[in-house]
Amino acid sequence: MEAIAEMLSGHKAYLGSHLYQASSSLTPDTKAAMHSYTIITTLTLSTAASAYQLPQNLKSIYDNHKAGSCSNRLSERFPEGARYCGDIPGAVFLKGSDGNYDNMDIDCDGANNHAGACSNDPTGQGETAFKDTVNQYGISDLDANVHPYVVFGNEGASPSFDPQQHGLKPLSVMAVHYGIWGDTNGGTSTGEASISLAELCFPNQGLNGDMGHGEKDVLYLAFKGDEAVPGKNGADWKATSRANFSKSIRALGDKLVAKL
């Protein structure tokens, strides 16, 4: 285990957790049909610094898959250069061109979508795709300022990609900083996360609702299966800070990463 703050291939590593969420640009009927949450682990070897320890196998995965292209292609290449890839058993990740993963655009959808650093977001919408499920967890919706989530999957345009067709569950844990799969994109854009996840990964870049992280050095890694879903009692859904929510799903994230 190495500290995430250690320089790795010219970047500092950051490991965290986030939720997979479907974009609020989807129709209400489509959103209602997507009702379970899966944990997605997203790994970002970036310029972020953290006291958290990066599992050695996750560092190796990042290094081993960055160069070259994807062999097990699960989707066509999207306009920004990435495609969904199945080269890692039991997981799905976004792979860019040789030497790249993906960037990190900012998503502010959900509760309090104009709060904090989301106040200038030109596209934020008032609900996320899995709102109906989180309602059962005691909150009105995901809060981009509190819940580190990833936008994973693309619908309503071509090319498209449905993570659930490849074994992923909504609101499952992902790896970057541990977060959840909390949204999907209604268009063809890839590489997007909630403002809370972005600030955990890149605390010194001044990211906000109108400015994301442009470098394609972020590995979004999603885990397949029911085991990746924390459910109602497996995460602190009522947390009031991103740090507390991330901490609540860290043990599950570590367990999933250890099996890669």
Requested in this report: Tell me which of these Glu127 doesn't satisfy, since it passes every other one: (1) part of a loop (DSSP other than H, G, I, E, B); (2) touching a Gly at 6+ places or on another chain (Cβ under 6 Å).
Outcome: (2)
Query raised in the report: Of these, Thr133, Thr188, which one is hydroxyl-bearing (Ser, Thr, Tyr) and in a helix (DSSP H, G or I)?
Result: Thr133
**Report entry** Residues located in the range 225-234, provided they are in a loop (DSSP other than H, G, I, E, B) and either surrounded by fewer than 19 Cβ atoms within 10 Å (Cβ to Cβ) or among the charged types (D, E, K, R) (or both)
**Finding:** Gly225, Gly231, Lys232, Asn233, Gly234
Query raised in the report: Which pairs do you get when a residue that is more than 13 Å from Leu221 (Cα to Cα), found in the range 64-88, comes within reach of a residue that is surrounded by fewer than 18 Cβ atoms within 10 Å (Cβ to Cβ) and acidic (Asp, Glu), reach meaning Cβ atoms under 8 angstrom, with the pair 6+ apart or on two chains?
Result: Ala67/Asp98; Gly68/Asp98; Ser69/Asp98
Query - Residues located in the range 251-260, provided they are crowded, with 18+ Cβ neighbours inside 10 Å and under 22 Å from Tyr137 (Cα atoms) - result: Leu252, Gly253
**Report entry** Whichever residue in the range 88-105 is among the small types (Gly, Ala, Ser) and in a loop (DSSP other than H, G, I, E, B) and, among such residues, is surrounded by the most Cβ atoms within 10 Å (Cβ to Cβ)
**Finding:** Gly96
Requested in this report: Give the range 138-168 a look and list any residue that's touching a Lys or Arg at 6+ places or on another chain (Cβ under 8 Å), in contact (Cβ under 8 Å) with a residue 60 or more places away in the chain and either crowded, with 20+ Cβ neighbours inside 10 Å or of a type in the set (Asp, Glu) (or both), or say none.
Outcome: Leu142, Asn145, Val146, His147, Pro148, Leu168
Query - Residue match in the range 210-224 (condition: touching a Ser or Thr at 6+ places or on another chain (Cβ under 7 Å), in a loop (DSSP other than H, G, I, E, B), on the phi < 0 side of the Ramachandran plot and surrounded by 19 or more Cβ atoms within 10 Å (Cβ to Cβ)) - result: no
Query raised in the report: Going through the range 191-209 one residue at a time, which ones are more than 11 Å from the chain's Cα centre (by Cα) and assigned to a strand (DSSP E or B)?
Result: Asn208
Report summary line: Checking Trp181, Trp237 in turn, the sole residue that is crowded, with 16+ Cβ neighbours inside 10 Å and farther than 23 Å from Leu58 by Cβ turns out to be Trp237
Report task. Give Cys118, Cys108, Cys85 a once-over and let me know the one that is surrounded by 17 or more Cβ atoms within 10 Å (Cβ to Cβ), under 19 Å from His65 (Cα atoms) and of a type in the set (A, V, I, L, M, F, W, C). Result -> Cys85
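Read the figures in this text as sums done on the coordinates, not as results from a lab. Because the structure is a prediction, the values reported are computed rather than measured. Glycine also receives a Cβ, built like all others from the backbone with ideal geometry; neighbour counts cover every protein chain displayed.
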